[in-house]
1. So which pairs qualify, if the first residue must be in the range 82-95 and within 19 Å of Glu198 (Cα to Cα) and of a type in the set (Phe, Trp, Tyr), the second must be near the ligand (Cβ under 6 Å from one of its atoms) and not in a loop (DSSP other than H, G, I, E, B), the Cβ gap must be under 9 Å, and the two must be at least 6 apart or on different chains?
2. Under the condition of being part of a loop (DSSP other than H, G, I, E, B), under 17 Å from the mean Cα position of the chain (by Cα) and of a type outside the set (A, V, I, L, M), which residue from the range 257-270 is nearest to the ligand (Cβ to nearest atom)?
3. Would you pick out the residues in the range 271-302 that are in contact with a helix residue (DSSP H, G or I) (Cβ under 8 Å, 6 or more places away or on another chain) and either part of a helix (DSSP H, G or I) or closer than 11 Å to Tyr321 by Cβ (or both)?
4. If you take just the strands (runs of 3 or more DSSP E) that sit entirely in the range 112-227, which of them hold at least 3 residues that are within 18 Å of Lys62 (Cα to Cα)?
5. Collect the residues in the range 243-254 that are within 15 Å of the ligand (Cβ to nearest atom) and buried (at least 21 other Cβ atoms within 10 Å of the Cβ), keeping them in residue-number order.
6. For Leu178, which of the numbered conditions (1) touching a Leu at 6+ places or on another chain (Cβ under 9 Å); (2) under 24 Å from Glu134 (Cβ atoms) fails to hold?
7. Which of the residues belonging to the range 122-143 are closer than 29 Å to Lys72 by Cβ and either among the aromatic types (Phe, Trp, Tyr) or modelled with pLDDT under 95 (or both)?
8. Note down all Cβ pairs under 6 Å where the first residue falls in the range 138-150 and is within 11 Å of the ligand (Cβ to nearest atom), the second is part of a loop (DSSP other than H, G, I, E, B) and among the polar types (S, T, N, Q), and they're at least six residues apart or on different chains.
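The values are calculated or read from the model by the stated rules, or taken from the named source; none is laboratory data. Every value quoted in this text rests on a predicted model; they were computed, and no experiment measured them. Positions of Cβ are backbone-derived with ideal geometry, glycine not excepted, and every protein chain shown enters the neighbour counts.
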Amino acid sequence: MLIRKPGEFRYSDVTPREVYLRRREFIRSASGLAVGAAGALAVPPWLAGLSAQRGQKLPGVKPSPLSTRDEKVNSYDDITTYNNFYEFGTDKDDPAKNAPGRLKTNPWKLTVEGEVTKKLELGYEDLFTIAPLEERIYRMRCVEAWSIVVPWVGVPLSALLKKVEPTSKAKYVAFESLYERGRMLRSEEAGIDFPYVEGLRLDEAMHPLTILAVGLYGEKLPEQNGAPVRLVVPWKYGFKGIKSIVRIRLVEREPPATWNIANSREYGFYSNVNPEVDHPRWSQASERRLGEFFRRKTQMFNGYADQVASLYTGMDLRKLY
Ligand code: MTE
């Protein structure tokens, strides 16, 4: 995410991952950090450690017909080492380095409350039993104009919302991430308010494509990707995918959303992927898929228009971005 004024970009914000990592390796080798005894270039130590570390297999995961079938899935390393999770740092490689040691996921408590008939509290193990686990391979598009294809493991968010029986006043769903002072950055260091918050309209939250993810690549979610439970809404920019959720509230009015609070001119509440509405500082017409050299054209609603466009009939998507 970019909240700096023009001229204040960090290299990692605007540079393709391959070039960025190559530059980091160059800097490390130049400073002697990644040069082995024989002088050969070694894999950066934090990357080497990560590749070896894999999560726990989730049993009984069924493939979903809602998965994209025609695209190459990104590698586990792509998905788990190039992240945004500002609680653990503002560079793309910070979450993989910092979240695993600092994010404590067990025990966990997820509360679902607000305009509901049956308030619910879920413990860590309950997170894996909300509904049968499905593998959902989704295209994900970041507002920074890169994209990635991820084999999530999750359940439809609607399954959880149905359990709590929303009242007739429930119009929106508000989400809140864990925030632990001392283990995570302070707001002043990250440049955004904590806890991280997000929201969806109730019909968006109930849409079959919207999932709560508890895993990827058939395994429990790694910390840097939002363990133990995070939101995935594939037709919206990635920042709507709030991580490490501790509270879900059904509410009457549009809830606050972190990037919209940080900079409402640049980030709206809806944040639907829209190649026709540029970010004030860069185009959204194309994107770079991690692992590819040539840019791709960005598709309306990230390619999910057939399934979701009807949610926005009659809305001016240039104004309500
Ligand atoms: N959730 C929390 N709690 N904190 C964050 O900084 N970053 C968001 C989103 N969820 C973020 C978050 C942004 S900007 C993006 S692009 C996605 O997480 C990235 O998800 P990924 O790291 O699994 O690719």
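1. Close Cβ pairs satisfying both conditions: Phe85/Asn225.
2. Of all residues in the range 257-270, those part of a loop (DSSP other than H, G, I, E, B) come to 257, 263-270.
Right, trim to under 17 Å from the mean Cα position of the chain (by Cα) and you get 257, 267-270.
Narrowing the set further to residues that are of a type outside the set (A, V, I, L, M) leaves 267-270.
On the way: Tyr267: 10, Gly268: 14, Phe269: 15, Tyr270: 16 Å.
Filtering first and then ranking leaves Tyr267.
3. Those that are in contact with a helix residue (DSSP H, G or I) (Cβ under 8 Å, 6 or more places away or on another chain) and either part of a helix (DSSP H, G or I) or closer than 11 Å to Tyr321 by Cβ (or both): Ser271, Asn272, Val273, Asn274, Glu276, Met300, Phe301.
4. Numbers: elements: 120-123, 134-141, 146-156, 172-177, 197-201, 211-216.
The strands (runs of 3 or more DSSP E) meeting that bar are 134-141, 146-156, 211-216.
5. Across the range 243-254, the qualifying residues are Lys243, Ser244, Ile245, Ile248.
6. (2)
7. Phe128, Tyr138
8. Note: pairs meeting the criteria are Ile148/Asn74.
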